[in-house]
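The values are calculated or read from the model by the stated rules, or taken from the named source; none is laboratory data. Note that the structure is a prediction, hence the values are computed from the model and not measured. Here the Cβ is made from the backbone with ideal geometry for all residues, glycine too, and neighbour counts use every protein chain on show.
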Amino acid sequence: MLSVQDRTIDPSIADAVFSCDLRKCKGACCTMPGPKGAPLLEQEVAEIEAAYPVIRKYLPEAHVQTIDERGLVERSGGETTTTCYNHRACVFVTYDGGIAKCAFETAFWKKEISWRKPISCHLFPIRIDRGFQDHLRYQSIPECADAVVRGRMEGVYLSDFLRDALTRLYGEGWYGEFAKACERQRTETLSKHQP
């Protein structure tokens with residue numbers, strides 16, 4: 001188990017290669033089947049409420065109707081998540097040429113809002129189990145198989161791919177220590193497999 005400051009990290013994160021290939025996955029992480037959307041931090045609810053009037057224009061009408069009926073977020077069992085449309089897509093999904101994208105991020109890149117998107121979405125496929133200390137784990141799903149292939153071909157490690165998201169959450173100093181810990185882990189892994 002890796003540890004950086006007061007957070008533990010699944011060692012598989014250090015060795016994983018990953019680089020999203022939206023042309024192939026079509027934004028599958030935003031449209032996964034299930035009753036719950038993206039996990040949210042409590043402070044993100046206010047960000048969503050403030051940004052919604054701006055991003056509403058990007059959403060399919062069916063998603064707007066779902067929000068009108070059920071709200072922007074849902075709370076269950078002590079967990080807050082984005083609302084889902086039809087037990088599948090996050091209601092904040094917008095479609096661009098058949099690819100599911102985040103309406104918040106669309107507005108962010110157009111400089112219409114300053115908040116990018118929920119941190120759990122920005123971090124995917126890393127998930128955080130919160131408790132006495134944060135534990136970061138890699139959630140490998142079949143829909144991201146092409147991202148692993150692309151990461152291997154391009155030599156992009158998951159830890160590098162998620163630099164912006166991890167820095168946004170924990171800061172530059174933490175990320176620097178994390179990157180060094182991942183590099184040490186990869187060196188150790190390589191030395192174990194050498195004859």
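In table form, for the structure just shown:
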item	result
Strands (runs of 3 or more DSSP E) within the stretch 1-94 that include 1 or more residues under 19 Å from the mean Cα position of the chain (by Cα) and among the hydroxyl-bearing types (S, T, Y)	7-9, 79-82
Test: residue in the stretch 110-123 that is among the acidic types (D, E) and closer than 26 Å to I13 by Cα	no
Residue satisfying condition, being of a type in the set (G, A, S), buried (at least 18 other Cβ atoms within 10 Å of the Cβ) and farther than 30 Å from M153 by Cα, within set G71, G37	G37
Counted residues, the stretch 43-62 - those being within 30 Å of D160 (Cβ to Cβ), in contact (Cβ under 8 Å) with a residue 12 or more places away in the chain and surrounded by fewer than 16 Cβ atoms within 10 Å (Cβ to Cβ)	0
Residues satisfying the stated conditions in the stretch 99-127, i.e. in contact with a Ser or Thr (Cβ under 7 Å, 6 or more places away or on another chain) and assigned to a helix (DSSP H, G or I)	A103, T106
Residue in the stretch 133-140 that is surrounded by fewer than 17 Cβ atoms within 10 Å (Cβ to Cβ), part of a strand (DSSP E or B) and touching a residue at least 40 places away in the same chain (Cβ under 8 Å) present	yes
Residue list for the stretch 133-143, filter: over 20 Å from L169 (Cβ atoms) and either in contact with a helix residue (DSSP H, G or I) (Cβ under 8 Å, 6 or more places away or on another chain) or hydroxyl-bearing (S, T, Y) (or both)	S140, I141, E143
Near pairs, Cβ below 6 angstrom, 6+ apart or cross-chain, from the stretch 176-194 (over 16 Å from V4 (Cα atoms)) to any residue that is in a helix (DSSP H, G or I) and modelled with pLDDT of 90 or more	T189/D15
Top-ranked residue in the stretch 86-132 [being farther than 24 Å from Y170 by Cα and of a type in the set (F, W, Y); ranked as surrounded by the most Cβ atoms within 10 Å (Cβ to Cβ)]	F92
